[in-house]
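Okay, so here's the structure we're looking at.
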Amino acid sequence: ETGVTQTPRHLVMGMTNKKSLKCEQHLGHNAMYWYKQSAKKPLELMFVYSLEERVENNSVPSRFSPECPNSSHLFLHLHTLQPEDSALYLCASSQRTDGGYTFGSGTRLTVV
Amino acid sequence: GNSVTQMEGPVTLSEEAFLTINCTYTATGYPSLFWYVQYPGEGLQLLLKATKADDKGSNKGFEATYRKETTSFHLEKGSVQVSDSAVYFCALKTSYDKVIFGPGTSLSVIP
């Protein structure tokens, strides 16, 4: 049990579908993050939420839409994705005063 | 800008061999430094960290020392096991609360 739970673990979606990834943490952390991990590429930070407010958006296409309704939950809403969006999407949380992140196991997304 | 550089992988070692994975960084100010490990099919796990110069982080037989003079944070383990096969990420955190990850180094340990 890592403390950060991501669902689903695997997702296959067509380019016209709409789906959502969910992340949940019960560690009392006040910051949450979405990362994209593609084969042979460095981890890409997508979004940062601190105290439920988005503090960073790293030029992510609008087909990815994050939502943080409270400090324990983070969503990534997906629509009209492209095949190159296929990747492992990782959620993480932290206390902003402590740099250590706790990661979830990720959602393996395949866009067909 | 801030960045992390790691040695290219993959690294293949025999069981009980000595492991070193090099990591150097570029940063303004005084970053905290981390090593994360990612086992197959899983997310990243924090392995160890050091928050100031000359600090040594250690966990599960792994060690790394924060060397400000050489801007390095090399990961070492005296005797690797097959179960250590994973991808290892060096990372730094600046005062702006953003963690920057290196590209990762894949380690395979063979019996």
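The values are calculated or read from the model by the stated rules, or taken from the named source; none is laboratory data. Quantities reported herein were computed from a predicted structural model and do not represent experimental measurements. Note that each Cβ is placed from the backbone with ideal geometry, even for glycine, and that neighbours are counted across all protein chains shown. Heads up: the accessible areas ignore ligands, DNA and RNA and are worked out on the full protein's heavy atoms, side chains in. Shrake-Rupley method; radii C 1.70, N 1.55, O 1.52, S 1.80 Å.
Could you work out the Rg to Rh ratio of the protein assembly as shown, with Rh taken as the Kirkwood radius (inverse of the mean 1/r over all Cα pairs)? Display every interim value, and only then the final one.
Details: Rg = 17.6 Å, Rh = 18.1 Å.
Rounded to two decimals, Rg/Rh equals 0.97.
Per residue, the solvent-accessible area of segment A:64-112 (1.4 Å probe, heavy atoms of protein chains only, all protein chains present) comes to 34 Å². Near B:Ala86, the amide H atoms lying under 5 Å from its own belong to B:Leu107; only residues 5 or more places off or on other chains count, and H is placed 1.01 Å from N.
The listed residues A:Met15, A:Met46, B:Met7 rank as A:Met15, B:Met7, A:Met46 when sorted by accessible area, largest first, using a 1.4 Å probe.
Label sites at A:Lys40 and A:His77, each approximated as a point 7 angstrom past Cα along Cα to Cβ, lie 3.5 nm apart. Amide H contacts of A:Val12: A:Thr110, each under 5 Å away and 5 or more positions distant or on a separate chain (H built 1.01 Å from N in the peptide plane; Pro and chain starts excluded). Would you mind computing Rg(Cα) / (2.2 N^0.38 Å) for segment B:23-111, counting N as its residues? Rounded to two decimals, the normalised Rg is 1.07.
When +1 charges are put on Lys and Arg Cβ atoms and -1 charges on Asp and Glu Cβ atoms, the dipole computed for chain B relative to its Cα centre reaches about 380 debye.
Rounded to the nearest 10 square angstrom, B:Ile110 shows an accessible area of 80 square angstrom against a 1.4 Å probe. Note on B:Thr70 and A:Asn30: with the Förster distance fixed at 35 Å, the Cβ-Cβ geometry gives a FRET efficiency of about 0.55.
Start at zero, step by 5 Å, and the Cα-Cα distances of chain A spread as 2, 13, 24, 27, 19, 10, 4, 1, 0 percent across the bins. For segment A:2-78 and segment B:1-77, write down the distance between their C-alpha centroids in whole Å. Segment A:2-78 and segment B:1-77 have Cα centres spaced 26 Å from each other.
If you count, for every residue in A:28-38, the Cβ atoms of partner chains within 10 Å of its Cβ, what is the mean? Working shown, then result.
Numbers: counts 0, 0, 0, 1, 0, 2, 0, 4, 0, 6, 0.
For peptide A:28-38, the averaged partner shielding equals 1.
Taking the Cα centre of the protein assembly as shown as reference, the dipole from Cβ charges on Lys and Arg (+1) and Asp and Glu (-1) amounts to some 400 debye. Radius of gyration (Cα atoms) of segment B:43-83, expressed as a multiple of 2.2 N^0.38 Å: 1.24.
Sequentially through segment B:99-106, phi angles give Karplus couplings (6.51, -1.76, 1.60; θ = phi - 60°) of 9, 10, 9, x, x, x, 10, 7 Hz, Gly and Pro residues having no value and appearing as x.
Using a probe of 1.4 Å on the protein chains alone, the accessible area found for B:Asp54 is around 100 Å².
Cysteines in the protein assembly as shown that lack a partner Cβ within the 4.7 Å cut-off: A:Cys68. Remark: mean inter-chain Cβ contacts per residue of A:86-95 equal 2, using a 10 Å Cβ-Cβ cutoff to other protein chain atoms.
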